[in-house]
Amino acid sequence: MVILQFMAGLVLLMLGAEALVRGASRIAAALRIAPLVIGLTVVAYGTGAPEIAVSVKAVISGQADISVGNIIGSNIINILLILGLAAVIMPMTVSHKLIQLDVPLLIITSVVVLFMGLDGIFSQADGLILFAVLIVYTVFLIFNSRVKEGNDVSEYAGESSPSGKKTAITWILDIGLIVGGIFILVTGADWLVDGAVLFAVYLGISELVIGLTIVSVGTSLPELVTSVVASLRGERNMAIGNIVGSCLFNLLGVLGLASIFAPGGLSVADAVIRFDIPVMIATAVACLPIFFTGGVISRWEAAVFLGYYGAYTLYLILAEAHHEALPGFSGTMLYFVLPLTTVTLFILTLQEYRKRKAWG
């Protein structure tokens, strides 16, 4: 029954996210907002709704570790797993806007979150600051990215009616999708968290590891489906925008609201500060040179992301089991794999910089 409840929660999260994203994207398309901005905001926030539903539910239920683990784990999964899979399927051209604004903002926000959590708690004041930044960021994007007339804005443009123009009925239907999607998401989150807690108790696994793995993978499924489908359809700006936007939404919106709703603030485990948040920061930093080199995420770069996600997951499993192989694995990653990757990315970035400088 626990497995059925958990799986049913996942299904409801995916269905709710699909309804929410479809309705919101149609409305955004009618308002003529650019595909990248739709990916960074409407789609990212819509597919990020499972994270907010699960994290707030976990906070209210007293499972702070699941809430924090879900947020941090989802960001690591978004970049290493989801971006990796999407780019393996179809190499992606990266918008200069992402390199100049959104990825640097993600790196800065990740570092700020680390400093906020050094005292062992994300206070309600921290939450208010993060959520206020999300509002400012969203308003900035929308007011600076309206599409010029005649441009197609999204895969959803024109879906609402044969003529491509929205009528009163299509507006009502799209708003209904949003409301229905939110209701289904809340129900799915309730089932998922309850099932995850029972899993942790039954298997003797910590709630933090459950949040960082099973729950974060489950709540990231909408991002995975959306980005892979967008990549296959050639909507690469929407695919990348969805991933970067979801990461920003997780830190600013989900962590912000979870901290606000948590009585006395949201406690954070020392292991998260020492390991998981630094890993999250490293994945965000890794985006800049990879995005910068040639403006394309190649298949081999995507494969590196996937490899690192596998290594991160294996580390969590070994650490939880206190396995004897953990010291050797950690040493190999820390003193060989990570330095080699860093040097490779530095050389590629330097080559790209010199090439652009030579072109004038």
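The values are calculated or read from the model by the stated rules, or taken from the named source; none is laboratory data. Computed from a prediction, not measured in an experiment: that's the story for all the values here. Because the Cβ atoms are built from the backbone with ideal geometry, glycine has one as well, and the counts that use them run over all protein chains shown. Each accessible area value is taken on the protein alone, full model and side chains, heavy atoms only, with ligands, DNA and RNA left out. Shrake-Rupley method; radii C 1.70, N 1.55, O 1.52, S 1.80 Å.
Across segment 54-63, what is the total count of residues that are part of a helix (DSSP H, G or I) and open to solvent by 20 Å² or more (accessible area, probe 1.4 Å)?
Adding up the residues that qualify gives 3.
Need at least 1 residues that are open to solvent by 40 Å² or more (accessible area, probe 1.4 Å) and of a type outside the set (A, V, I, L, M, F, W, C) per element, so show me which helices (runs of 4 or more DSSP H) inside segment 199-299 make the cut, counting only ones lying wholly within it.
Helices (runs of 4 or more DSSP H) meeting the threshold: 207-210, 236-249, 277-292.
Could you identify the single residue in Val37, Val94, Val88, Val68 that is open to solvent by 40 Å² or more (accessible area, probe 1.4 Å) and within 24 Å of Met280 (Cα to Cα)?
Val88
Considering segment 73-104 alone, what residues qualify as being part of a helix (DSSP H, G or I) and over 16 Å from the mean Cα position of the chain (by Cα)?
Val88, Ile89, His96, Lys97, Ile99, Gln100, Leu101
Does segment 315-329 contain any residue that is buried (at least 17 other Cβ atoms within 10 Å of the Cβ) and closer than 22 Å to Leu106 by Cβ?
no
Applying the selection to segment 1-49, what residues are among the charged types (D, E, K, R) and part of a helix (DSSP H, G or I)?
Glu18, Arg22, Arg26
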